[in-house]
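K.L.:
Attaching a single structure in structure tokens format; questions to follow.
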């Protein structure tokens, strides 16, 4: 039986990725995260407090598109992998998809304004359209990482730059989207969000387009012929590393999404500092940005799995401290937000560094390679966790009797507190337990890459 340990050492080119490529690819997630953070932090608020929708109904508007994501994300990965063009498999979708992502983002805020008598339908349809356009560009963008280099350390560096850029986009969005909506709307938040969304769309489109012009798809897939459905299924089914990684991410995303959504309500109602939302929310992202370079270096000494466990454990501790002390002052909340961000950044950067490695693991186990399908499935799982988290927080707010822009009952306040800190802590523990079973480290992945290279050379001899 062919095993990585049985393969003679075969030198593989290293340092294939230029600084220009690393920067261009990584900075692209600044644009993607302008959209993702706007969606995750403020769209539920827009539905409940600006449009006046019932929280449970608003939560369902988030959850229903997840069903469509279950089809569109893997389908987009399947399409991208089988694309043949002189521009590559993945890069054309990023370039030509970027303007449509921007238009659909604006449409999420504009549709309810344009159709005031059908606010629910307009919100749902525009949300579905945005998610579809986002999938068209983002699945190829994520897949591109595995097509640039096979080297695990280079992928780690690219992931670090990518996540730092994403966090920067998150900081900008957390700090400015609501403020820009207030400024542009001059008292009318419905119109203000449309104008703020338009500004974001213009910036993000330019940033995403840079990915196309600064990258190239140098890695040749092992399987040049078109894959059959059976081969793709074998590739996915045998990839235990991929499924463990996605399961750990799914559980963690549910917790972080619920915590992030509930934190806005916690600061506004439990702590009683609604004006501090735009100040505190970006601090967690800034903490993550500060921690990512450190975690990247730590991963080189230990392992990506160990870094995930260390960071996740720190996030549990931070949430438990806030929960136990019932923190309400802005200074302490700000400090703990930074600490939680530093810890959470480890999980984010390790996930995007580990995911491309599972492509080679699946190829080694099955004998075929289908980059796009893994990234499509992964994106669906991530969206499913996020959508489920938003839907659950919406249902929870309705269950505890939350009423927008009013004084909350004690039951509602305690429910918000539990959602903001206890649920994320429990989910982080679940994520740690799952990632502890992840089978890959740098040594094992390197052996697999050498095994695959040896096999290709032998087949071509």
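FYI, it's all coordinate maths here, none of it is from the lab. This structure is a prediction, so every number in the text was calculated from the model and none was measured. For neighbour counting, all protein chains shown are included, and Cβ atoms are generated from backbone atoms with ideal geometry for every residue, glycine included.
K.L.:
Between the helical axis of 55-81 and the dominant principal axis of the chain, each derived from Cα atoms, what acute angle in degrees is found, rounded to the nearest 10?
P.N.:
Compared with the principal axis, the helix lies near 20 degrees.
K.L.:
Order the peptides 371-377, 231-237, 127-133 from the highest to the lowest mean number of other Cβ atoms within 10 Å of their residues.
P.N.:
Top of the packing list down: 371-377, 127-133, 231-237.
K.L.:
On C-alpha positions alone, give me the angle between the axis of helix 152-185 and the longest principal axis of the chain, in degrees, nearest 10.
P.N.:
20
K.L.:
Residues of region 74-88 with backbone nitrogen within less than 11 Å of a virtual label 7 Å along the Cα-to-Cβ line of residue 217, please, listed as ranges.
P.N.:
What the label zone holds, given the 11 Å backbone N cut-off, is 79-88.
K.L.:
Sticking with this one: For the chain, take the longest principal axis of its alpha carbons; what is the angle in degrees between that and the long axis of helix 423-435, to the nearest 10 within 0 to 90?
P.N.:
Tilt of helix 423-435: around 10 degrees.
K.L.:
If packing is taken as the mean number of other Cβ atoms within 10 Å per residue, what is the order of 414-426, 61-73, highest first?
P.N.:
Those peptides, ordered most packed to least, come out 414-426, 61-73.
K.L.:
Continuing with the same structure: Taking the mean number of other Cβ atoms within 10 Å as a proxy for protection, how do you rank 39-50, 400-411, 255-266 from highest to lowest?
P.N.:
The most tightly packed comes first, giving 255-266, 39-50, 400-411.
K.L.:
How large is the Kirkwood hydrodynamic radius of region 386-461, in angstrom, based on all distinct alpha carbon pairs?
P.N.:
Taking the inverse mean of 1/r over all distinct Cα pairs, region 386-461 comes out at 16.7 Å.
K.L.:
Could you let me know the centre-to-centre spacing of region 230-309 and region 399-438, using Cα atoms, in angstrom?
P.N.:
15
K.L.:
Still on this model: For the chain, what does the helix formula give at 222 nm: sum of -39500 (n - 2.57) over DSSP H segments with n ≥ 4, over the residue count, nearest 500 deg cm²/dmol?
P.N.:
On the way: 15 runs with 348 residues, N = 461.
Per the formula, -26500 deg cm²/dmol.
K.L.:
Stokes-Einstein at 37 °C, 0.692 mPa s, Kirkwood radius from Cα pairs: D for region 287-363 in µm² s⁻¹?
P.N.:
Numbers: Rh = 13.3 Å.
It comes out at roughly 248 µm²/s.
K.L.:
Same structure again: Would region 321-360 count as rounded, prolate or oblate if I go by the C-alpha gyration tensor, calling it rounded below 1.5 in a/c and otherwise prolate when a/b exceeds b/c, oblate otherwise?
P.N.:
Verdict is prolate for region 321-360.
K.L.:
Looking at the chain, I'd like the Rg to Rh ratio, where Rg is from alpha-carbon atoms and Rh is Kirkwood's inverse mean 1/r.
P.N.:
Numbers: Rg = 21.9 Å, Rh = 22.4 Å.
We get a ratio of 0.97 for the chain.
K.L.:
Ok, one more. Would you please classify the overall shape of region 85-227 from the alpha carbon gyration tensor, given that a ≥ b ≥ c denote the square roots of the eigenvalues, rounded means a/c under 1.5, and beyond that prolate means a/b larger than b/c while oblate covers the rest?
P.N.:
prolate
K.L.:
Starting from 0.36 nm per residue, how many nanometres of slack lie between residue 406 and residue 188 once their C-alpha separation is accounted for?
P.N.:
76.6 nm
K.L.:
At what distance in nm do the modelled label points of residue 86 and residue 325 sit from each other, each positioned 7 Å from its Cα along Cα→Cβ?
P.N.:
Going from the residue 86 label point to the residue 325 one covers 6.2 nm.
K.L.:
Right, next: Would you work out if region 142-184 is rounded, prolate or oblate? Take a ≥ b ≥ c from the square roots of the eigenvalues of the alpha-carbon gyration tensor; rounded if a/c is under 1.5, else prolate when a/b is larger than b/c, oblate otherwise.
P.N.:
In terms of gyration-tensor shape, prolate.
K.L.:
Once the piece of chain linking residue 54 and residue 115 is laid out straight, how much longer is it, given 0.36 nm per residue of separation minus the C-alpha distance between them?
P.N.:
Extra length available between residue 54 and residue 115 comes to 20.2 nm.
K.L.:
Rounded to two decimals, what is the ratio between the C-alpha radius of gyration of region 62-166 and 2.2 N^0.38 Å? Working shown, then result.
P.N.:
On the way: Rg = 16.3 Å, N = 105, 2.2 N^0.38 = 12.9 Å.
This ratio for region 62-166 stands at 1.26.
K.L.:
Counting only the backbone N, which residues of region 395-425 are under 20 Å from the spot 7 Å out from the Cα of residue 332 toward its beta-carbon?
P.N.:
Residues 413-425 fall inside that zone.
K.L.:
Provide the gained length on full extension for the span residue 426 to residue 103, in nm with one decimal, where the gain is 0.36 nm per separating residue minus the Cα-Cα distance.
P.N.:
Numbers: separation 323, 0.36 × 323 = 116.28 nm, distance 3.76 nm.
Contour length minus the Cα-Cα distance gives 112.5 nm.
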